[in-house]
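Okay, structure first, notes after.
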Amino acid sequence: MAQKYQAVKGMNDVLPAESYQWEYFEGVLRKLLADYGYHNIRTPILENTALFIRSIGEVTDIVEKEMYTFTDSLNGDSLTLRPEGTAGTLRAVVEHNLLYNATQKVWYMGPMYRHERPQKGRYRQFHQMGVEALGFAGPDVDAEIIAMTADLWRRLGISQYVRLEINSLGNKDERAAHREALIAYLERHVDILDDDGKRRMHSNPLRVLDTKNPALQDMANAAPKLSDYLGEESRAHYEGWKAMIAALGVEFVENPRLVRGLDYYNQSVFEWVTTELGAQGTVCAGGRYDGLIEQLGGKPAPGIGFGMGMERVLLLLQDKNLLPAQRGVDVYLVNQGEGAGLYAMRLAQQMRAAGFSVVQHLGEGSFKSQMKKADASGAEFAVIVGENEIAAGQAVIKALRAEIEQKTVAAAEVAATLAALKA
Ligand code: ATP
Ligand code: MG
């Protein structure tokens, strides 16, 4: 027997029994994004490696150990499967000059790639929906983004399972002053730091505070807080943001240790977290990155965005039984006898042209077995044609989910009759 193949570890197939759940979720997202005036942007899954190093930062989990990087054997270029969506989106915005005399609100949705240890809620190919609002200084847009995500949880029915955490990272100078104090603090505690901590205490000390190591929690909690280093402008931005979120009625907690794993953030940062998924609790995370567009070769412009882990939101929806049932088609078209196949096919086209979804039974099969399939398909109606119906130019309509008397009507009347029965 020929060899069978398996999907790459950590990369999952979505089969028909589950894909309708994705379609439902994507539909809710598309409506939400349209309601807030965002436009779709589609960028390649491969980018030059340097783009990710430059934007995400050298001393980050993603760049240090999670990227799928390879050399293009045709020209020696180093390419990387995108680990997140912001870098490619901003590369495209700068490349096509989309911020020339304009602001932009864009969204993307699609697969991302990170070489991580696969577990529940953590995969090597996963999907993010993300937005970027570019050219807005905030804090109004910062609040609108919170309102939009809170609105999404409401639409999906999961508001009670997620909690908003926020923080301010200030500006570059404030972070530099805090960084100095933080490094001095970490140096005093170097004996208890783990390997990651020791390695990062000089290159990326903020990330040392982001540690999940239980032994380091007290040390991290007592470390100098960035919030104590914020100047007047940053403080006003943060206070303005918080006041608007509060006025919108969205609950939040301030988490002074929330620093995010990517280097490009400044000012407002946030995470929506859930306690329902074990360790993989962050379902949506983002913040402001005012220097990034300039860093990628564009004219200076502020920006803010987030990425949402779609698998994690779906896991929550599955766990809480909040996904709608898979919808069946409107009609299962049962047909048997001489000439029935073609007669049925014409009838099916008529019904589809009138807006009904139709599954025509294909191949052989007794009426009885076809009716069983019609029932199992979830269809609302069976439309039945046999030799008698063909001879009379008719079809039988039988409701499968409601107590409606079976009707025999002219073939030309089938669509109109179905429409009347559904109304
Ligand atoms: P984590 O702390 O869980 O590793 P992160 O800080 O690396 O998350 P971000 O880069 O902020 O994650 O990505 C935004 C969101 O994408 C995360 O909050 C999460 O919901 C989702 N996500 C990130 N990595 C994965 C993954 N390997 N598998 C599934 N979802 C992921
Ligand atoms: Mg990660």
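Tally up the carbon and sulfur contribution to the accessible surface of the chain as a whole percent, 1.4 Å probe, everything protein left in place.
C and S atoms contribute 50 percent here.
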Please identify every one of the chymotrypsin sites (Phe, Trp or Tyr not before Pro) in the stretch 72-178 that sits in a loop by DSSP and has no more than 11 other beta carbons within 10 Å of its own beta carbon.
100
Excluding residue 20 itself, calculate the net charge of residues whose Cβ lies under 14 Å from the Cβ of residue 20, where each Lys or Arg counts +1 and each Asp or Glu counts -1.
-2
Just the accessible area for residue 351, please: 1.4 Å probe, Å², rounded to the nearest 10?
0 Å²
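Average projected area of the Cα convex hull of the stretch 239-384, in nm²? Intermediate values should be presented prior to the final figure.
Numbers: hull surface 64.8 nm².
Reported value for the Cα convex hull: 16.2 nm².
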The stretch 151-200-the stretch 6-49 distance, computed between alpha-carbon centres (Å):
28 Å
So what's the stretch 66-128 giving for Cα Rg divided by 2.2 N^0.38 Å, two decimals?
1.40
Label-point separation (nm) for residue 163 and residue 140, each offset 7 Å from Cα along Cα-to-Cβ?
3.2 nm
I need the P(r) histogram for the stretch 78-192: all alpha carbon pairs, bin width 10 Å from 0 out to the longest distance, whole percents.
10, 24, 33, 27, 6, 0
When only Cα pairs under 8 Å and 6 or more residues apart are kept, what is the percent relative contact order across the stretch 5-94?
26 percent
Taking a label point 7 Å from the Cα of residue 401 along Cα-to-Cβ, the residues of the stretch 305-337 whose backbone nitrogen sits under 18 Å from it are 322-334
Mean separation of Cα contacts under 8 Å (at least 6 apart) over the residue count of the chain, i.e. the relative contact order in percent, is 15 percent
Working from Cα positions, state the angle (0 to 90°, nearest 10) between the long axis of helix 232-247 and the longest principal axis of the chain.
30 degrees
Over the stretch 124-257, give the accessible area per residue in Å² for a 1.4 Å probe, as an integer.
47 Å²
Any idea of residue 96's accessible area? Nearest 10 Å², probe 1.4 Å.
110 Å²
Sequence of 39, 237 when ordered by accessible area, the most exposed leading, probe 1.4 angstrom:
39, 237
Taking the reciprocal of mean 1/r across every pair of different Cα atoms in the chain, the Kirkwood radius in Å is 25.2 Å
Could you list, bin by bin from short to long, the percent of Cα-Cα pairs of the stretch 331-422 in 5 Å steps?
3, 15, 29, 29, 19, 5, 0
Given R₀ = 51 Å, what would the calculated FRET efficiency be for residue 40 paired with residue 369, taking r from the Cβ atoms and rounding to 0.05?
0.70
Degrees, to the nearest 10: 367-376 long Cα axis against longest axis of the chain:
20 degrees
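Using a 1.4 angstrom probe on the protein heavy atoms only, could you order 1, 219 from most to least accessible area?
So, going from the largest accessible area down, we get 1, 219.
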Could you calculate the contour length gain from residue 173 to residue 95, that is, 0.36 nm times the residue separation minus the distance between their Cα atoms, to one decimal place in nm?
25.2 nm
Summing -39500 (n - 2.57) over every DSSP H run of at least 4 in the chain, dividing by its residue total and rounding to the nearest 500, the 222 nm mean residue ellipticity is -11000 deg cm²/dmol
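Run the numbers for residue 30 and residue 353: contour at 0.36 nm per residue of separation, minus the present Cα-Cα distance, in nm. Kindly include the intermediate steps, with their values, before the conclusion.
On the way: separation 323, 0.36 × 323 = 116.28 nm, distance 2.61 nm.
113.7 nm is the gain from fully extending residue 30 to residue 353.
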Once both label points are put 7 Å beyond Cα along the C-beta direction, the residue 318-residue 408 separation in nm becomes 4.8 nm
Nearest-0.05 FRET efficiency for residue 195 and residue 122 at R0 = 22 Å, using Cβ-Cβ distance, is 0.55
Sort 398, 198 by accessible area with a 1.4 Å probe, largest first.
198, 398
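Extension gain residue 235-residue 255, at 0.36 nm per residue separation less the Cα-Cα distance, in nm? Mind showing how you got there, number by number?
Values: separation 20, 0.36 × 20 = 7.20 nm, distance 1.52 nm.
That pair, residue 235 and residue 255, stretches by 5.7 nm at full extension.
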Spatial separation of Cα centroids for the stretch 400-423 and the stretch 228-252, in angstrom
59 Å
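The values are calculated or read from the model by the stated rules, or taken from the named source; none is laboratory data. Being a predicted model, the structure only gives us computed values, none of them experimental. Here Cβ is always computed from backbone atoms with ideal geometry, including for glycine, and neighbour counts include all displayed protein chains. Note: accessible area is taken over every heavy atom of the protein model, side chains too, but ligands, DNA and RNA are not part of it. Shrake-Rupley method; radii C 1.70, N 1.55, O 1.52, S 1.80 Å.
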